[in-house]
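Worksheet: one structure, shown below.
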Amino acid sequence: MRIVFRVEGDPNIGLGHVMRCLALAQSLISSGHTAVFLMSKSSQSFCQNRFDWVGDILPLITNEAQDEASWVQLQCIELKADWLVLDGYQFTQGYRQALVTHHYRLAIFDDINNSGNLYADVVINGVSNGGALNYQATAPHAQLAVGKGYQVLRQEFLQLPDRSWSRRRGLTLMFGGSDPHNLTLSVLEALAKYHVAIPITVITGAAYRNLNELSKFIASCDLPVTHYHDCHTMADVLANSCLALSAAGGSQFELLACATPAILLVVADNQKRASEEAKKQGWCQVLNHQEQTSEQLVKHCLALWGDADALFSMHQHAMKQAVIDGAKAIGELMSKITSSTESNL
């Protein structure tokens, strides 16, 4: 199959959409398929620097005489695409409708089903309770790749050799690819007031805007900090962490795969449903960014850090959850639909 992805990632929208498309593309390519990404130049710079990037990238080129959806459709037709995968909140109902054609099928990554008719042949949502979102109303003819069996993980999280508790050291802080609220710096500043001796690993994403300010603070504080910017070995870092303080979202599936106890901080409405489901599994706690100051967050974190039994119990709960290759399941579903279409021609 030839699969085209339309997705963006930058400091304003973060990198979560790009990362889950990359995870699906990695799986598809490992199964012998072809992937092409259509994205703006501002997004390309974050992607092409990754050593695990797969698929060709074509720059988004539009003009006043041709709207974006028409251009995307034309590219898919010229590339003889079997599928177009769309991921992003900026793609409206009208945009999706304009992409409908018999030349290819449309797959949509969705989180909360609040943007009208999806016009999709496949809807992808890896949240455990995603089936309660009434996709029958917005995508009545679609195949549903919905539920925890369709959680997508990059290949590095499917090849972990060791998730044991004994190897783990330290606290990891990570607040997404762009960290728009600059929680990284404010949480570190709050930690510094306690003069903690905990080994701290700080991970900032490629779209993080406050790198110079953060670097200066790390150099001047007395915290034992190791900082990775645009980290390409996330699985290894997380599998060596006793506790992670993390933005909710796609990162929670990575934390679960690494069996890493976590405090998930909800920073966007679309993260609430998945985070509450994760909390029920017993391996994480969930807090709301709008209800917590950085000092309160740090107090909560340090209290949990001081409870070794609770951390180990959270780790054990995570270990009981299967690491699911949802991307492979999605690829198999897309292949089945493509084969069925071809056999009917």
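The values are calculated or read from the model by the stated rules, or taken from the named source; none is laboratory data. Given the structure is predicted, the values throughout are model-derived calculations rather than measurements. FYI the Cβ positions are ideal-geometry reconstructions off the backbone, even for glycines, and counts take in every protein chain you see. What goes into the accessible areas is simple: the full protein's heavy atoms, side chains included, and nothing from ligands, DNA or RNA. Shrake-Rupley method; radii C 1.70, N 1.55, O 1.52, S 1.80 Å.
Any idea which of Leu28, Ala139, Asn113 is furthest toward the positive side of the dipole for the range 1-146, if Lys and Arg beta-carbons carry +1 and Asp and Glu beta-carbons -1?
Value: Leu28.
Taking square-rooted eigenvalues a ≥ b ≥ c of the alpha carbon gyration tensor, is the range 27-80 rounded, prolate or oblate, where a/c under 1.5 means rounded and, failing that, a/b exceeding b/c means prolate? Present the calculation step by step, with values, prior to reporting the outcome.
Values: a/c = 4.18, a/b = 1.42, b/c = 2.95.
Cα axes put the range 27-80 in the oblate bin.
Name the chymotrypsin sites (Phe, Trp or Tyr not before Pro) in the range 136-235 that are in a loop by DSSP and that have at most 15 other C-beta atoms within 10 Å, would you? Let's see the in-between values first.
Numbers: sites: Tyr150, Phe157, Trp165, Phe175, Tyr194, Tyr208, Phe217, Tyr228; in loops: Trp165, Phe175, Tyr194, Tyr208.
Within the range 136-235, the qualifying chymotrypsin sites (Phe, Trp or Tyr not before Pro) (loop, at most 15 other Cβ atoms within 10 Å) are Trp165, Tyr194.
For Arg20, what accessible area in Å² do you get when you roll a 1.4 Å probe over the heavy atoms of the protein chains, rounding to the nearest 10?
Looks like 50 Å² after rounding.
Once you have a ≥ b ≥ c as the square roots of the Cα gyration tensor eigenvalues for the range 197-236, tell me rounded if a/c is under 1.5, and otherwise prolate or oblate according to whether a/b is larger than b/c. Display every interim value, and only then the final one.
Values: a/c = 3.50, a/b = 1.17, b/c = 3.00.
Note, shape of the range 197-236 comes out oblate.
Just to compare against my own numbers: the Cα pair-distance distribution for the range 165-234, 5 Å bins, whole % per bin, please.
Histogram of Cα-Cα distances, whole percents per bin: 3, 16, 30, 25, 16, 7, 2, 0.
Could you look at the range 121-191 and say what percent of its accessible area is carbon and sulfur, using a 1.4 Å probe and all protein chains? The partial results should precede the final answer.
Details: 1310 of 2810 Å².
Its accessible area is 47 percent carbon and sulfur atoms.
Rank Ser340, Ser251 by accessible area, highest first, at a 1.4 Å probe radius? Each step should come with its number before you reach the end.
Working: Ser340 60, Ser251 30 Å².
My answer, sorted largest first, is Ser340, Ser251.
Note down the magnitude of the dipole of the chain about its Cα centre, charges +1 on Lys and Arg C-beta and -1 on Asp and Glu C-beta and zero elsewhere, to the nearest 20 debye. List each step's numbers first, then the result.
Numbers: 25 positive and 32 negative charges, 124 e Å.
For this selection, approximately 600 debye.
Loop only per DSSP, at most 15 neighbouring Cβ atoms within 10 Å: give me the trypsin sites (Lys or Arg not before Pro) in the range 279-345, ordered by residue number. All intermediate terms of the calculation are to be shown ahead of the outcome.
Values: sites: Lys279, Lys280, Lys299, Lys320, Lys328, Lys336; in loops: Lys320.
Loop-located and lightly packed - Lys320.
What shape does the range 200-318 have by the C-alpha gyration tensor, where a ≥ b ≥ c are the square roots of the eigenvalues, rounded means a/c under 1.5, and otherwise prolate means a/b greater than b/c and oblate the rest?
rounded
So what is the calculated 222 nm ellipticity per residue for the chain, using -39500 (n - 2.57) for each DSSP H run with n of 4 or more, over all residues, to the nearest 500 deg cm²/dmol? List each step's numbers first, then the result.
Numbers: 13 runs with 128 residues, N = 345.
Taken over the chain, the calculation gives -11000 deg cm²/dmol.
What ratio of Cα Rg to 2.2 N^0.38 Å holds for the chain? Walk me through the numbers on the way to the answer.
On the way: Rg = 20.5 Å, N = 345, 2.2 N^0.38 = 20.3 Å.
Output field value: 1.01.
Under a 1.4 angstrom probe, counting protein chains only, how are His17, His181, His195 ranked by accessible area, largest first?
Numbers: His17 20, His181 95, His195 125 Å².
So the residues, ranked largest to smallest area, are His195, His181, His17.
With contacts defined as alpha carbon pairs under 8 Å and 6 or more residues apart, what's the relative contact order of the range 92-208 in percent?
Working: 139 pairs, mean separation 21.5, N = 117.
RCO, the range 92-208: 18 percent.
Please compute the per residue accessible area over the range 133-285 with all protein chains in place, 1.4 Å probe, rounded to a whole number of Å².
On the way: 6180 Å² over 153 residues.
Value for the range 133-285: 40 Å² per residue.
Round to the nearest 10 and report in Å² the accessible area of Ile112, as given by a 1.4 Å probe over the protein chains' heavy atoms.
Here the accessible area works out near 60 Å².
Can you work out the base-10 log of I(q)/I(0) for the range 1-108 at q = 0.12, 0.23 1/Å, using the Debye formula on its C-alpha atoms alone?
The Cα Debye sum returns log10 ratios of -0.37, -1.43.
At a Cα cut-off below 24 Å, give the lysines reachable from Lys193, other chains included and same-chain residues fewer than 8 away excluded.
Of all the lysines, those that pass the test against Lys193 - Cα under 24 Å, at least 8 places apart if same chain - are Lys216, Lys299.
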